[in-house]
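Here is the structure we will look at.
Derivation of every value follows stated rules applied to the coordinates shown; laboratory data play no part. What you see is a predicted model, and the numbers here were worked out from it, not measured in a lab. All Cβ positions, even for glycine, are placed from backbone atoms using ideal geometry, and neighbour counts span all protein chains on display.
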Amino acid sequence: MSFYFHLRSVPPADLTNDRDRLQALFEDDWDVIRARCRAGTEAVLDKDYLDFERLYVGTSPPDRPGPPGPEALPVLGGRPVYYPGHKLPPFLVMTPPQVAEAAAYLATVSFDALWQAGHEELTARYGQPYDPSEVRDHFAGHHAELRAFYARAAAAEGHAVVKWLVV
């Protein structure tokens, strides 16, 4: 089974607690999604999205001490909107101020410093046949995409971001 973690920039007026309306944001085919990714209004991480969380915050969510800072916003940040009975993963909804905070964090954080702090664990998780430089390039590329995505969302008249793990 494949799953993808989608991040979508939306006008604040599209924020809702209506799960059906939120789900409709993610029902496009891959051609449309790829076009949005090229335009910078959507980003997609694959099954390794939790590794990106670890890259930014250094730990997975249950192990995180204290209140979250801006480093917790880019991947798993936002207010959860659950399905009844938690039958599907929750949506994560970020307000425009949170998007701006995530954009500011990503604009100032050094990828090299993040990679230096977490590369041993992340590279070990991928193991053979992956070359460590390929793993670094994978993370660096997605980091650049997330940086551009959040910068565009924050600049686009204060857009919000809706995230969902599409299974």
Per-peptide average of other Cβ atoms within 10 Å, ordering 35-42, 13-20 highest first: 35-42, 13-20
Separation between the L88 and W30 pseudo-spin-labels, each 7 Å from Cα along Cα→Cβ, expressed in nm? 2.0 nm
Work through the residues other than G77 whose Cβ is under 10 Å from its Cβ and net out their charges, Lys, Arg +1 and Asp, Glu -1. -1
Note down the magnitude of the dipole of the chain about its Cα centre, charges +1 on Lys and Arg C-beta and -1 on Asp and Glu C-beta and zero elsewhere, to the nearest 20 debye. 380 debye
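For region 73-167, report the % of Cα-Cα distances exceeding 18 Å.
I get 56 percent for the Cα pairs in region 73-167 exceeding 18 Å.
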Mean Kyte hydropathy of -0.5 or more with a Cα span along the axis of at least 24 Å, helices from DSSP in the chain: 132-155
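I need K163, K47 ordered by Cβ neighbour count within 10 Å, fewest first.
On the way: K163 25, K47 12.
Going from sparsest to densest Cβ surroundings: K47, K163.
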Which order do the peptides 75-83, 142-150 take when ranked by the mean count of other beta-carbon atoms within 10 Å per residue, highest first? 142-150, 75-83
Report relative contact order for the chain in percent, whole number only (criteria: Cα-Cα under 8 Å, sequence separation at least 6). 39 percent
Put +1 on the Cβ of each Lys and Arg and -1 on the Cβ of each Asp and Glu in region 4-166; which of L55, A39, L88 then has its Cα farthest toward the positive end of the dipole? L88
